[in-house]
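What follows is a set of notes on a single structure, which appears directly below.
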Amino acid sequence: MQRSRPLSWCTHVVLAATLALTACGPSYEEYRKTDTIQGWEEFLAQSNPNNPHYYKAENRLAELELEVAKVEGTPAALDSFLEKFAAPQFEPIRKQCDALREDVVYNWADETGTAAAWEQFLTEFPKTKRKRKLEARKRIKMGQYVSQVAVGPVRQERVNLAEDPEGPLNGWGWEVDVTNNTAKPWYKLTMGLYFLDDEGRVVDRRDWPVVAKYLPGYLPYETGFDKPMEPGETRTWEYMDGDVPEGWSRKVRIVPVNIIFTDDPEALEELEDDEE
């Protein structure tokens, strides 16, 4: 019988190197170059905590996941992130998530526009800035009557901002017909013009009243539109602007964001707060 020969020194070296590579798992540098959530999840699935790059990969995955949650911009997205990265080593990035939360919930409530969303904001952040607290209270009130404010189809076109028929089309104009289906006259009703991107997300908002004693900046409203808007009455809301936001997809949403009735004892105070 032929006796097996002992392994050579070279063979030992090769085997040791092979075992070392196997223990370390996939190449960290390859995944670092692609730097995607899917890639880091794959790297971690093929590695183990003994890999010297394992925890760096985990932290980088958390950073990328937080960016996704920020873009989604909802409380649920942040909650999902915190649930996924609950381990103690993620405490620094969890603090970053917590620091973002007030802005995210505020913007989400604004975009959602429901009384429930604004109530959630006030519940989570009772010590928020006074301006945000006033906005939330106005929107909660608006939510009680929004179904009774009829808003017609949006009419959008290029316009001349000086309203010169022969002038260049250097701006955009929007119109909607608004009807008071509540039981009381409106002292003020403000419409919010939301500029949307290709995915339907809000990139900016402009507010303009359909009825008010004064326009923003205490400019006088044209005759007639400063008179209270009676139940059953319809008026055309108009707005023009030449400074449209970057990322706007030529789509808008126009909704009521603030309502004040003529018999509201706090009407004057709310009006003054709104015009600050």
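Summary of values
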{"read-out": "Some residue of region 77-97 being within 25 Å of LYS227 (Cα to Cα) and without any contact (Cβ under 8 Å) to a residue 12 or more places away in the chain", "value": "no"}
{"read-out": "Test result for THR123, over 19 Å from ARG205 (Cα atoms) and among the polar types (S, T, N, Q)", "value": "yes"}
{"read-out": "Any hit, region 174-183, residues being of a type in the set (S, T, N, Q), assigned by TED's automatic domain parsing to the domain that holds LYS251, touching a Lys or Arg at 6+ places or on another chain (Cβ under 9 Å) and not in a loop (DSSP other than H, G, I, E, B)", "value": "yes"}
{"read-out": "Top-ranked residue of region 197-253 - restricted to ones that are under 26 Å from the mean Cα position of the chain (by Cα), β-branched (Val, Ile, Thr) and outside any loop (DSSP other than H, G, I, E, B), ranked as surrounded by the most Cβ atoms within 10 Å (Cβ to Cβ)", "value": "VAL210"}
{"read-out": "Any chance ARG155 is of a type in the set (D, E, K, R) and in the same structural domain as VAL210 (by TED's automatic domain parsing)", "value": "yes"}
{"read-out": "Matching residues in region 205-246 - criterion: being on the phi > 0 side of the Ramachandran plot and modelled with pLDDT of 95 or more", "value": "GLY232"}
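The values are calculated or read from the model by the stated rules, or taken from the named source; none is laboratory data. As the structure is a prediction and not an experimental result, all values here were calculated from the model. Please note: Cβ atoms are built from the backbone with ideal geometry, for glycine as well, and neighbour counts cover all protein chains shown.
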